[in-house]
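> Below: one structure in structure tokens.
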Amino acid sequence: MTDFSDHAYPPASHVGKHSAVVGLQWGDEGKGKLVDRLAGGFDAVVRYNGGANAGHSVVVGGVRYALHLVPSGILAPGVLAVVGNGVVVDPERLMEELDGLGARGVDVSSLVLSDRAHVVLPYHKAEDALREELLTAAPVDSASGPKNAVSAIGTTRRGIGPAYADKVQRATAIRVGDLLRPELLRSKLELICSMKNAIIRGLHPAEPTPFDAGEIAERMIRIGERLRPLVKDTTYLLHDLDRAGKSILFEGANATMLDVDHGTFPYVTSSNASSLGIGPGSGLPAQKVGQIIGVVKAYSTRVGGGPMPTELTDETAHRIRERGREYGTTTGRPRRVGWIDLVALRYAAMVSGVTEIGLTLLDVLAGFDELRLCVAYDTPDGRTDRFLPDGFALAEAVPVYQTVPGFGDEISDVRSFDELPEAARRYVELIEAFVGVPIRTIGVGPDRVQTIERDAVLAAGGGGA
Ligand code: IMP
């Protein structure tokens, strides 16, 4: 008789042994650089949410890589790069990204793709763009104030929302595994395209190009054949790694403030972009992740619509945007810029359960006479230091600032905490004290090596995971 004992549930000793990196603001915190630095110490790096809306840029040896779907761990030799079931995959963009990495000499043979990840198809992108146009064109009664106005989300138009909507609708969804079954794919697409064409014509009667099911199917079947060797049941794969005592790093895309349940709804993305998405998006239970690193910019940025209480529109914003190169990796859009919002940050750290913080882009703040940190909001119901995750309520929050001295000196070459100007150290310690989570690394430039490690300081202070 076959011995199935080897297939028993993993031992409890593996609880808490894995790690995660997750953004705590509105994205673009520099997660890619951190994942890239850490990846070599893990056996696998896993994406569990989002799709080609994400843009992780990593600079290695002076070469900048912009990754959208492929986990940043791909740049670490010998590390498995896993795209989990919670990701929505645009197969054409994925092929472009793989070809681009291959052309630059990056070995992409360690990529694995979940057969259960959902597929973004051309009609998703069309619907995403069309909905945004309709929202942009919708008349807004400015007299009723931001609380009562609905405006465009400012999506990346990568089809993310419509693809996740199809996942929840079920019958009209295509998963990566379906790309490997031509007959099923053709018949599914036949039905789906007739429905999508009707929806798109309904949204925009003048829309000229209905989607041709046969043409999309043949394109996807060809890509499916190329992807076939990469496609696996990644839930079993991750559990097998876990059982074998291997270490896994989860790479969050987008960020906690964009989480569909816990972010500034409706101005969010369509997945659980906090660490809470790890379980459903990978199939590995969350209690197996013990170290959760929250990545935080030394200031705030946001791309797209939605409230951002500390937003600046003056010369300070301009300086931060230019110094920080705050233009979208995915869309090239200039990012909105503001002071750090500690109320939002403490909430995000709580929701994502972070055990430590990686602070990034501190160098961008050099040269300001003073710096501001938002420590409370004034709202129609009074002053509060609790975050308001409802997008319409947050639109009415007025930030209350603590102002501290700035630091004049450039810090890009600093490699230890003690060498930072005193005002920079105080700024870091203020964030740490307010959020209540140790700041373990500080980024002072885009390259891998431009990072200050604070292990000794944290050990002395008793913090750290
Ligand atoms: P979607 O994910 O394309 O639907 O966009 C929804 C909102 O999330 C928009 O405001 C986007 O600008 C924002 N967004 C999505 N992904 C990212 C990201 O990786 N960084 C920053 N903003 C993002």
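> Scan (1) over 18 Å from the mean Cα position of the chain (by Cα); (2) crowded, with 18+ Cβ neighbours inside 10 Å for the single condition Gly78 breaks and write down its number.
(2)
> Among the listed residues Gly290, Gly294, Gly263, Gly306, which satisfies the condition of being touching a helix residue (DSSP H, G or I) at 6+ places or on another chain (Cβ under 7 Å), part of a strand (DSSP E or B) and either within 16 Å of the ligand (Cβ to nearest atom) or open to solvent by 20 Å² or more (accessible area, probe 1.4 Å) (or both)?
Criteria check complete, one pass: Gly294.
> Of the numbered conditions (1) within 16 Å of the ligand (Cβ to nearest atom); (2) β-branched (Val, Ile, Thr); (3) under 17 Å from the mean Cα position of the chain (by Cα), Val351 satisfies every one except a single condition; which is it?
With (1) within 16 Å of the ligand (Cβ to nearest atom); (2) β-branched (Val, Ile, Thr); (3) under 17 Å from the mean Cα position of the chain (by Cα) applied to Val351, the lone miss is (1).
> Give the residue, chosen from Tyr347, Tyr327, that is without any contact (Cβ under 8 Å) to a residue 60 or more places away in the chain and either polar (S, T, N, Q) or in contact with a Phe, Trp or Tyr (Cβ under 6 Å, 6 or more places away or on another chain) (or both).
Within the list Tyr347, Tyr327, the selection yields Tyr347.
> Further question on the same structure: Conditions: (1) open to solvent by 40 Å² or more (accessible area, probe 1.4 Å); (2) within 16 Å of the ligand (Cβ to nearest atom). Glu322 meets all but one. Number of the miss?
Answer for Glu322: the failing condition is (2).
> Hey, another quick one. Exactly one of these conditions fails for Asp166: (1) more than 16 Å from the ligand (Cβ to nearest atom); (2) free of Cβ contacts under 8 Å to residues at least 60 places away in the same chain; (3) of a type in the set (D, E, K, R). Give me its number.
(1)
> Then there is this: Do we have Gly277 as under 19 Å from Asp90 (Cβ atoms) and touching a residue at least 24 places away in the same chain (Cβ under 8 Å) here?
Taking the combined requirement at face value, the residue satisfies it.
> I'm told Gly445 meets every condition in (1) within 29 Å of Gly55 (Cβ to Cβ); (2) assigned to a strand (DSSP E or B) except one. Can you identify the failing condition by its number?
If we test Gly445 against (1) within 29 Å of Gly55 (Cβ to Cβ); (2) assigned to a strand (DSSP E or B), just (2) comes out false.
> Anything in the range 360-374 that is touching an Asp or Glu at 6+ places or on another chain (Cβ under 9 Å) and surrounded by fewer than 17 Cβ atoms within 10 Å (Cβ to Cβ)? List them, or say none.
Gly367
> Being in a loop (DSSP other than H, G, I, E, B) and open to solvent by 10 Å² or more (accessible area, probe 1.4 Å) is the filter here, so list the residues in the range 325-354 that pass it.
Listed by number, the residues that qualify are Arg325, Gly328, Thr329, Thr330, Thr331, Gly332, Arg333, Arg335, Trp339, Gly353, Val354.
> Of the numbered conditions (1) in a strand (DSSP E or B); (2) open to solvent by 20 Å² or more (accessible area, probe 1.4 Å), Ile357 fails exactly one; give the number of that condition.
The failed condition is (2).
> I'd like to check something: does the range 68-80 contain any residue that is farther than 28 Å from Tyr123 by Cα and part of a strand (DSSP E or B)?
Within the range 68-80, one or more residues are farther than 28 Å from Tyr123 by Cα and part of a strand (DSSP E or B).
> Of all residues in the range 246-260, how many are more than 9 Å from the ligand (Cβ to nearest atom) and in a loop (DSSP other than H, G, I, E, B)?
5
> I'd like to verify a number: residues in the range 375-395 that are assigned to a loop (DSSP other than H, G, I, E, B), surrounded by 14 or more Cβ atoms within 10 Å (Cβ to Cβ) and out of contact with any Phe, Trp or Tyr (no Cβ under 9 Å at 6 or more places or on another chain), how many?
The number of residues fulfilling the criteria is 1.
The values are calculated or read from the model by the stated rules, or taken from the named source; none is laboratory data. Source: prediction; values computed, not measured. Here Cβ is always computed from backbone atoms with ideal geometry, including for glycine, and neighbour counts include all displayed protein chains. Remember, those area values only see protein heavy atoms, side chains included, never the ligands or the DNA or RNA. Shrake-Rupley method; radii C 1.70, N 1.55, O 1.52, S 1.80 Å.
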